[in-house]
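In what follows, a single structure is set out as structure tokens and then discussed.
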Amino acid sequence: MKNSLRDIVRLLRPRQWIKNFAIYAVLLFSGSFFDPNLFLKVTYGFLVFCALSSSIYIVNDLFDIEKDRIHPFKRLRPLAHNDVSISVAVSLAAIFAVGAIVISYFIEPGFFLITSVYFILHLSYSAYLKHIEIIDILTLAAGYILRVFAGEVVSNSHISAWLFLTVISLSLFLAIGKRRSEITLLSHQAGALLNTRKTLSHYTDKLLDIYLSIFATSTFLSYALFTFSENPTGLQFNFTFFPADALGTYLQRKWLMVTIIPVVYGLMRYLQRIYEKQEGESPERVLFSDKPLLVSVVIWTVIVIILLYVVKA
């Protein structure tokens, strides 16, 4: 049945909403993650980005509808497969985009500015920028960066320089990994590379491998320096029956650096999925389908919460 609820939900791509959790990053490291008012405010921002990103996905599908029909996977998308009519798709995109941007103004005027820039940038990407090599990668990465900035504005917190550099590096790493996987996938079909995305023909495997190496390394180094500089006081136990200085200076270490371990594993595992499994075109699909990678993300999150909120490293 055309325009069924199931197909409309697929058109919105709710699985990709996981990218919008980046809006919580600044709140998490600010030490105010469990502040109910701030958490609720950031959650409103998260929902706005979910609606806004869904509208962008619809617009992108409208622009690429013919090319998607010859893509090995994208041909099954609701618009390319004629499961949802163009009129319904346009209406949904307009409602979600206008609604999200209007609501963002009432959350925070600065947030309204960021959502507007995000929408215009990705609208430009769908219409033109994705056809320009290198600019297409930078635009994809900018989407992740704007989400983090949005979290900073909504939570009235401050993002450290090293964390910001980590976000930039990781965003570029994911965007390049997406392009690398697309090339690998489409190269198996004659003519598919030029017919679906001509920009990909300007990238070589070797070039993208160099890019991946650069930004995997910079992600690791930036995050390592962030953990080294962020919390220098060590573990502080606030137990009345156990003096804080009972163990001397033994526990006075920069324990947040422990979280480097799951970060390094996650980077290595993601690269393995790109090269061995030929995945990476959809980061959220890789995360949900790869249990070791998902576990490393969960472990990282738990350790960060424990160190920042329980023992206050």
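Along the charge dipole of the chain, Cβ charges K/R +1 and D/E -1, which of Ser85, Thr219, Leu12 sits furthest on the positive end? Result: Ser85, furthest along the dipole toward the positive end. Taking Cα atoms, how many degrees apart are the long axis of helix 109-127 and the longest axis of the chain, rounded to 10 and kept between 0 and 90? With both axes taken from Cα atoms, the answer is about 40 degrees. Charged neighbours of Arg10, selected by a Cβ distance under 9 Å, balance to +1 (K, R count +1; D, E count -1).
Relative contact order of the chain, taken over Cα pairs closer than 8 Å and 6 or more residues apart, is 18 percent. Projecting the Cα positions of Tyr105, Ile70, Thr139 onto the charge dipole of the chain (unit charges on Cβ atoms of Lys, Arg, Asp and Glu, taken about the Cα centre) puts Ile70 furthest along the positive direction. Rg/Rh for the range 8-85 stands at 1.16; both radii use Cα atoms, and Rh follows the Kirkwood definition. Summarising the overall dimensions of the chain from its C-alpha atoms, the Rg and Dmax are 21.2, 72 angstrom.
The longest part of the chain holding none of the exposed loop chymotrypsin sites (Phe, Trp or Tyr not before Pro), meaning those outside H, G, I, E and B in DSSP with at most 15 other Cβ atoms within 10 Å, is 129-236. When +1 charges are put on Lys and Arg Cβ atoms and -1 charges on Asp and Glu Cβ atoms, the dipole computed for the chain relative to its Cα centre reaches about 560 debye.
Between Arg15 and Asp205, the modelled labels are 2.6 nm apart [label points 7 Å from Cα along Cα→Cβ]. Based on the alpha-carbon gyration tensor of the range 94-191 and its eigenvalue square roots a ≥ b ≥ c, which shape applies: rounded if a/c is under 1.5, prolate if not and a/b is larger than b/c, or oblate? Taking the square roots of the gyration eigenvalues as a ≥ b ≥ c, the range 94-191 is oblate. Glu133 contributes an accessible area of around 70 Å² to the protein surface, as traced by a 1.4 Å probe with all chains present. Pairs over the 18 Å Cα-Cα cut-off, from the set Lys130/Lys178; Lys74/Lys206; Lys19/Lys67; Lys19/Lys198: Lys74/Lys206; Lys19/Lys67; Lys19/Lys198.
What dipole magnitude, in Debye to the nearest 20, does the range 1-99 give about its Cα centre under +1 on Lys/Arg Cβ and -1 on Asp/Glu Cβ?
It comes to approximately 260 debye.
The values are calculated or read from the model by the stated rules, or taken from the named source; none is laboratory data. As the structure is a prediction and not an experimental result, all values here were calculated from the model. Positions of Cβ are generated from backbone atoms using ideal geometry, with glycine treated the same way; all protein chains shown enter the neighbour counts. Accessible surface areas use protein heavy atoms only, side chains included; no ligands, DNA or RNA. Shrake-Rupley method; radii C 1.70, N 1.55, O 1.52, S 1.80 Å.
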